[in-house]
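Nothing in this text is a laboratory measurement; each read-out follows from the coordinates by a stated rule. Model, not experiment: these values are computed from the prediction. All Cβ positions, glycine included, derive from the backbone under ideal geometry; neighbour counts span all protein chains shown.
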Amino acid sequence: MNHSCIQKLFSIKYPILQGPFGGGLSSVELVAAVSNAGGLGGYGAYQLQPGEIEELIADIRKKTNQPFNINLWVNDADIEAAQLSDENYAAIANNYKPFFDELNIPLPPKPEAAYSKFEQQAEVILKCKPAVFSFVFGIPDKTILIECKKQGIKTIGAATTLDEAVTLEEANVDAIIASGFEAGGHRPSFLKPAEDSLHGTFVLVSQIAKNVKTPVIAAGGIADAGGVKATMELGASAVQIGTAFLACKESGASDIYRSIIFSDRAKYTTLTKSFTGRLGRGTSGVVAENSSNLPTLPFPLQTKFMSPLRKAAEEQGKTEMLTYWMGQNASLVKFKDVNTLFKSLLQGFDE
């Protein structure tokens, strides 16, 4: 499929999407820089309260008059996160005590119950009307998607399997992200467990492009012009790139985080549930390597539980304990600002 369809669909100059990061890694500056360069900037807003999303959209609009994408998680809290017993918490938490002991910090108290914010967040999307609304971990209720069509908000769903892509097409989304298992961050599977949905980007893009009519956006392990060119030849209409943009000075990543992207640690990534309770790809580390068989708290309680450990490890200079989200091709990342990266990526497109 010709990449011009994505440019027309989203009213952007180039078929390059910046991956929308959660965990404070997105920034207004990054979104604006990518959109102003002619791509589609994206902000991962699933952790924000509805009012904060409204403020965020206003802030982005102060920095760019170009289209941008707001990303939410349809399934943003495991059902069990609303009713975790003290006994279950203690049983799971004690498995991680050696890691907390290593940092001389106590196990935190049981996190408060967590409930989904998605429906309220989606109301803000419909109210504020960003050009593009993308979502992962499922499909919104059809009333939300119908209203997006009425409002002129373009929608993007994420698929980790062909079956998920077909389901998204049946829901009438405007574009589909083919998220290969090389991608950094969480695996957004929603029909089967993420552990059973580990298709590589090349396999997934070619399968989906041959079986759906909806434009396909390739994601996962694309870090340079060569990756762009290869996935476009497989039938993708655009690319979504995460780690390479995360490494840019405009992102919300800390100096420590960015330095790790440019270090030897970027050569070795793994899939782990240890830090959030959901499967995601990041650097291999002491905790991930020694907790692969340990149960986790339901999402997002595991994230809250591990937050003090992450903070203490960074403060004590023991980053080798931690996992930093990044894709399998992170070691190819070279550039440290959006404009330089963007110009290099454009070399992957035929004139």
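Some observations on this one:
- According to the calculation over all Cα-Cα pairs in region 302-351, the P(r) per 5 Å bin from zero is 4, 15, 15, 16, 13, 12, 10, 8, 4, 2 %.
- Dividing the mean sequence gap of close Cα pairs (under 8 Å, 6+ apart) by how many residues the chain holds gives a relative contact order of 19 percent.
- Model label points for S307 and Q83, set 7 angstrom from Cα along the Cα-to-Cβ axis, are 2.5 nm apart.
- Here's how it looks for F68: its modeled amide H is under 5 Å from those of A131, V132, which are all 5 or more places away or on a different chain.
- Shown here are the Rg and Dmax of the Cα trace of region 176-321, at 16.5, 51 Å.
- Mean projected area (nm²) of the alpha-carbon convex hull when region 104-197 is viewed from all directions: 8.7
- 20 Å tail of the calculated P(r), region 1-74, as % of Cα pairs: 28
- Karplus 3J(HN,Hα) series, Hz, for region 264-274 with 6.51 cos²θ - 1.76 cosθ + 1.60 (x for Gly, Pro): 5, 4, 5, 6, 10, 10, 8, 9, 8, 10, 4
- Inter-label distance, nm, simple model (7 Å from Cα along the C-beta direction), E233/K334: 1.9
- Extension gain from K8 to D163, taking 0.36 nm per residue of separation minus the Cα-Cα distance: 53.1 nm
- Helix content alone sets the calculated 222 nm mean residue ellipticity of the chain: runs of n ≥ 4 DSSP H residues at -39500 (n - 2.57) each, divided across all residues, give -10500 deg cm²/dmol.
- Peptides ranked, highest mean first, by Cβ atoms within 10 Å: ranges 8-16, 46-54, 83-91: 8-16, 46-54, 83-91
- With 10 Å bins from 0: P(r) over region 257-301, alpha-carbon pairs, percent: 27, 49, 22, 2
- Pairs of alpha carbons in region 180-221 whose separation is greater than 12 Å (percent): 60
- Legend: calculated FRET efficiency, S344 to A91, from the Cβ-Cβ distance at R0 = 41 Å, rounded to 0.05, equals 0.25.
- Taking other C-beta atoms within 10 Å as the exposure proxy, T143, T319, T340 rank T143, T340, T319 from fewest upward.
- Model label zone, K129; criterion: amide N under 19 Å from point 7 Å along Cα-to-beta-carbon; scope region 11-43: 11-12
- FRET E, pair D101, A58, Förster distance 45 Å, beta-carbon r, rounded to 0.05: 0.50
- Region 303-351-region 124-189 distance, computed between alpha-carbon centres (Å): 24
- Sorting C5, C248, C128 by the number of Cβ atoms found within 10 Å of their own Cβ, with the fewest placed first, yields C5, C128, C248.
- Residues I222, I260, I70, I92 arranged by fewest to most Cβ contacts within 10 Å: I92, I260, I70, I222
- Each residue of region 189-197 was assigned a 3J(HN,Hα) from its phi angle through the Karplus expression (A = 6.51, B = -1.76, C = 1.60, θ = phi - 60°), giving 4, 9, 9, 10, x, 4, 4, 9, 10 Hz with x at Gly and Pro.
- Cβ-derived FRET efficiency at R0 35 Å, S254 paired with E147, nearest 0.05: 0.40
- Distance (nanometres) between label positions extended 7 Å along Cα→Cβ at S284 and E314: 2.4
- Extension gain (nm, one decimal) between E112 and A225, 0.36 nm per residue minus Cα-Cα: 36.2 nm
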